[in-house]
1. Based on this model, can you work out whether ASP144 counts as buried (at least 16 other Cβ atoms within 10 Å of the Cβ), at pLDDT below 90 and within 18 Å of the chain's Cα centre (by Cα)?
2. Are any of the residues in the range 76-92 aliphatic (A, V, I, L, M) and within 16 Å of ALA127 (Cα to Cα)?
3. How about the range 8-33: which of its residues are open to solvent by less than 40 Å² (accessible area, probe 1.4 Å) and either of a type in the set (Asp, Glu) or not in a helix (DSSP H, G or I) (or both)?
4. Select, from PHE47, PHE104, the only residue that is crowded, with 19+ Cβ neighbours inside 10 Å and within 18 Å of SER26 (Cβ to Cβ).
5. Considering only the range 213-229, how many residues are open to solvent by 50 Å² or more (accessible area, probe 1.4 Å), assigned to a helix (DSSP H, G or I) and over 16 Å from SER92 (Cβ atoms)?
6. Give me the pairs, please: first residue somewhere in the range 45-65 and closer than 23 Å to ALA103 by Cβ and at pLDDT below 95, second residue anywhere and open to solvent by 60 Å² or more (accessible area, probe 1.4 Å) and part of a helix (DSSP H, G or I), beta-carbon distance under 6 Å, and either six or more positions apart or on two chains.
7. Looking only at the range 27-44, count every residue that is in contact (Cβ under 8 Å) with a residue 24 or more places away in the chain and in contact with a His (Cβ under 7 Å, 6 or more places away or on another chain) and tell me the total.
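The values are calculated or read from the model by the stated rules, or taken from the named source; none is laboratory data. From a predicted model like this one, the values you see are computed outputs, not experimental measurements. Cβ placement follows ideal geometry from the backbone for every residue including glycine, while neighbour counts extend to all protein chains displayed. Just the protein is used for accessible areas: all its heavy atoms, side chains included, with ligands, DNA and RNA removed. Shrake-Rupley method; radii C 1.70, N 1.55, O 1.52, S 1.80 Å.
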Amino acid sequence: MATADGPLPLVLIGLTVVSGLVDAVSYLGLGHVFVANMTGNVIFLGFVAGGAADISAALSLVAIAAFALGALAVGRLGWNASGHRGRLLAVSSCVQAVAVGGAFLVSLALFGVRDGIAAHALVLLLAFAMGLQTATARRLGVPDLTTTVLTLTITGLAADSHPAGGMHPNTVRRLLAIAAMFVGAFVGAVLIFRVSVSAALAVALVLLVLNAMAGYRWSSSTAAWTAAK
């Protein structure tokens, strides 16, 4: 991992695992909706407009709106963090952990999470958390680690490869990002099918709490990598 970004690449790989977990929860546990992949929700809305009957337009709209609200919140947090990347990570991870923790409590308290208010509450909380995460990754500015989107990562692997005449920059990082998303989705699916939605959310929450603790530790660091790019 590049020293210019300090420990941030490892942290963002962990957050990519979280993305796989929460999208497994939303897609497999709540129906056809994503909370991290907004491209999918826009496509779902197009399907609904075209006549698809097994997709909830309401859930997709809630996800998009909550995601945008989370991204907006990071815009404010970015100013308050005074350009310090460790501080931004700490504050954002804490807020994100609270949102996912709220979703975890909702999943424990309400049965039949596919239905009605519970499903909408879970989508709202999780999409808000993922909006926070995606906007934070964008502000941290670590190349090839958006934590929620792999299309450009896979494109980069092919377009920058030796057969294409490239120099293979960040190949290991890109492969780790793809693997992290796969692992998160795999673990999420296994927990949802064999244990519960709450179990998958619990794993995501643990990862976020660890990130928040690390961010808090780095929030007062004066290392070169903590300065905004």
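1. Details: buried (at least 16 other Cβ atoms within 10 Å of the Cβ): yes; at pLDDT below 90: yes; within 18 Å of the chain's Cα centre (by Cα): yes.
Considered against the rule, which asks whether it is buried (at least 16 other Cβ atoms within 10 Å of the Cβ), at pLDDT below 90 and within 18 Å of the chain's Cα centre (by Cα), ASP144 comes out as yes.
2. Kept after step one, since they are aliphatic (A, V, I, L, M), are these residues of the range 76-92: 77, 81, 88-91.
Remaining after also requiring within 16 Å of ALA127 (Cα to Cα): none.
Within the range 76-92, none of the residues are aliphatic (A, V, I, L, M) and within 16 Å of ALA127 (Cα to Cα).
3. Looking only at the range 8-33, we keep the residues that are open to solvent by less than 40 Å² (accessible area, probe 1.4 Å), and these are 8-9, 11-26, 29-31, 33.
Of everything in the range 8-33, those that are open to solvent by less than 40 Å² (accessible area, probe 1.4 Å) and either of a type in the set (Asp, Glu) or not in a helix (DSSP H, G or I) (or both) turn out to be ASP23, GLY31, VAL33.
4. Details: PHE47 fails: crowded, with 19+ Cβ neighbours inside 10 Å.
From the options PHE47, PHE104, the qualifying one is PHE104.
5. Here the count works out to 1.
6. Listed by first residue and then by second, the contacts come to ILE55/PHE47.
7. Step one: of the range 27-44, the residues in contact (Cβ under 8 Å) with a residue 24 or more places away in the chain are 28-39.
If we keep only those that are in contact with a His (Cβ under 7 Å, 6 or more places away or on another chain) too, we end up with none.
Residues that pass the stated criteria total 0.
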